[in-house]
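Data first, discussion second: the structure below is written as structure tokens.
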Amino acid sequence: MSNMNNDLNKGNHPSSTRNSKRFLWVVAIIVVVVAAWFGWNRWHTPAAGTTGASAEGGAQAGRGPGGPGGPSGPGGRQRGVTTVVASPAVSGSMDISVTALGTVTARNTAIVRVQVAGRLEQIFFQEGQSVKAGQVLAQIDPRTFQLQRDSAKAQYDKDLAQLNVAKLDLARYKTLLSQDSIASQQVDTQAALVAQNQATVASDAAAIAQAQLQLGYTKVTAPIAGKVGLRQVDVGNLVQTSDANGLVVINEVNPISVVFSVPQQSLASVIRGMKGTDPLIAEAWSADNRKVLASGKLKSVDNQIDTTTGTIKLKAEFTNDDDSLFPNQFVNIRLVTKKLDNVTLIPLTAVQQGTNGPYVYVAKPDNSVSLRQIETGAADAKSVTVTKGVEVGESVVVDGTDRLTDGMKVQVMAQRVVPTAAAPGGKHRGGKRPEGGGSVDSSAASSAANAPANSSPSTTPKDGQKSEQKGEQKAGGRPQ
């Protein structure tokens, strides 16, 4: 009987297995359908907080700007109002400048070479030391030249004695001639001998001076004042007048010069500036344009333009009292050719280009913007002068202009002051001066910043506005 039951169970096993698999597939399909329904429902159904906020905002939309749903009320800004950043137009000054890459050159350079050959006995300078003109730098063995001088002196004394004897004989011959004791020919011969001895003595005196000069050359002196470099010869070596490297090189670095080239188009403004009463100011900047190394004056202009590059060389001179400039150093030069005073300045980012020329959006006190066609003048890396279209105190939009139309309502989240005093290339001076293109009058900037051109009382966003902006940026990019 048990064997029969086992046979029956074995026969039903395949059917049971198929039923179990079918059940699992049905359960899996149900789970997937339920999950898809929940996902779709969560995606398309607005959150309760959002719905409530929308309803509340719609209910309170008529309360005006001062209500809880208005831009200045506790509910935040109005929905649909574009957020912008504005900057006040200020009255200030701007430097018109020319920038170029320059090479620092010593005012004078001298290679100290020996003028007599000999063994180098002593060196009296330290490498890198500042020396004065005429200061003794080295000593060459003088003994050979001392002997030459002594020999010349001995020859001089000998010839001088012969001259004295010849003069005495000439005096005696003249006395005898007056007594008709000798012929006049003998007197003339003696007179010629005296002249000959005088010439010999003069030659001996020159030989003494020459020997003394050669002896003086054994003391090597500095031909110019300046800073000495690394010595090329050590003590004990035999030095020659033909040595190409000499003993040491002296560079005059106080003052020092910078040679740079500017395009020929800038030559006219440079020449006009040089004809003015005040010299043109040149600033030497570091390679990264973050620090002013020195300030000097334009010294000279080359007499011809380089036809291969279309540039002309200029030379500026710097006092270099702090030794901030070294020969052959590369620096960025900023040459101020003209200064504009009492001009209207706005940030360069506020200017847009259209078919009718440049224009800006002006933020008005009623929280709207007005499109203004403007006329611009000189500009630098951060700011631009406006000759027509914007008045001092008006605020121009510098961020968010791509979403604006004329007359559109906006909310100004922050105000930026016009940047000033740009470095060559538009980089910051690293604490020396702010960025931009001139020194802006502080009182004008202050009054312009407080002008009622927008509804925001401060120049920076509040904490709530900052957080709201961040949330909107996360959701969809720019704040709307």
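Of the residues that sit in the stretch 124-147 and are surrounded by fewer than 18 Cβ atoms within 10 Å (Cβ to Cβ) and part of a strand (DSSP E or B), which one is nearest to the chain's Cα centre (by Cα)?
Our first condition is that a residue be surrounded by fewer than 18 Cβ atoms within 10 Å (Cβ to Cβ); within the stretch 124-147, this holds for 124, 126-130, 132-136, 139, 141, 143-144, 146-147.
Those left that are additionally part of a strand (DSSP E or B): 130, 136, 139.
On the way: 130: 27, 136: 39, 139: 44 Å.
Per the criteria, the residue is 130.
Taking strands (runs of 3 or more DSSP E) as the structural unit, those lying wholly within the stretch 322-415 and holding at least 2 residues that are in contact (Cβ under 8 Å) with a residue 24 or more places away in the chain and touching a Phe, Trp or Tyr at 6+ places or on another chain (Cβ under 7 Å) correspond to 330-347, 369-373, 395-399. Condition first: buried (at least 19 other Cβ atoms within 10 Å of the Cβ) and either charged (D, E, K, R) or closer than 16 Å to residue 388 by Cβ (or both). Now tell me which residues in the stretch 362-375 satisfy that. 362, 374, listed by residue number.
Which residue is surrounded by the most Cβ atoms within 10 Å (Cβ to Cβ), if the candidates are limited to the stretch 377-396 and must be touching a Gly at 6+ places or on another chain (Cβ under 9 Å) and not small (Gly, Ala, Ser)? Here the answer is 386. In this entry, residue 250 is excluded by the filter for residues that are of a type in the set (Val, Ile, Thr), outside any loop (DSSP other than H, G, I, E, B) and at pLDDT below 95. Condition check for residue 308 on (1) touching a Gly at 6+ places or on another chain (Cβ under 6 Å); (2) free of Cβ contacts under 8 Å to residues at least 12 places away in the same chain: one failure, at (1). Kindly indicate whether residue 122 is out of contact with any Gly (no Cβ under 7 Å at 6 or more places or on another chain) and in contact (Cβ under 8 Å) with a residue 60 or more places away in the chain. So residue 122 passes the test.
Evaluate the stretch 172-180: report whether one residue or more is under 30 Å from residue 210 (Cα atoms), touching a helix residue (DSSP H, G or I) at 6+ places or on another chain (Cβ under 9 Å) and assigned by TED's automatic domain parsing to the domain that holds residue 209. Please lay out each step first, then the result.
As a first pass, look at the stretch 172-180 and keep what is under 30 Å from residue 210 (Cα atoms): none.
No, because not a single residue in the stretch 172-180 is under 30 Å from residue 210 (Cα atoms), touching a helix residue (DSSP H, G or I) at 6+ places or on another chain (Cβ under 9 Å) and assigned by TED's automatic domain parsing to the domain that holds residue 209.
Among the residues of the stretch 101-112, are any surrounded by fewer than 22 Cβ atoms within 10 Å (Cβ to Cβ) and over 30 Å from residue 232 (Cβ atoms)? Yes.
Looking at the stretch 188-246 only, could you name the residues that are among the charged types (D, E, K, R) and assigned to a loop (DSSP other than H, G, I, E, B)? Spell out the reasoning first.
Initially, the stretch 188-246 is screened for residues among the charged types (D, E, K, R), giving 188, 204, 219, 227, 231, 234, 243.
Within the stretch 188-246, 231, 234, 243 qualify.
Just a yes or no: is a residue in the stretch 316-323 over 14 Å from residue 389 (Cβ atoms), in the same structural domain as residue 400 (by TED's automatic domain parsing) and not hydroxyl-bearing (Ser, Thr, Tyr)? Explain how you work it out, then say what you get.
Initially, the stretch 316-323 is screened for residues over 14 Å from residue 389 (Cβ atoms), giving 316-323.
Cutting the leftovers down to in the same structural domain as residue 400 (by TED's automatic domain parsing) gives us none.
No; the residues of the stretch 316-323 include none that is over 14 Å from residue 389 (Cβ atoms), in the same structural domain as residue 400 (by TED's automatic domain parsing) and not hydroxyl-bearing (Ser, Thr, Tyr).
The values are calculated or read from the model by the stated rules, or taken from the named source; none is laboratory data. Everything numeric here is computed off the predicted structure, so don't read it as measured data. With ideal geometry, Cβ positions are generated from the backbone for all residues, glycine too; neighbour counts draw on all protein chains shown.
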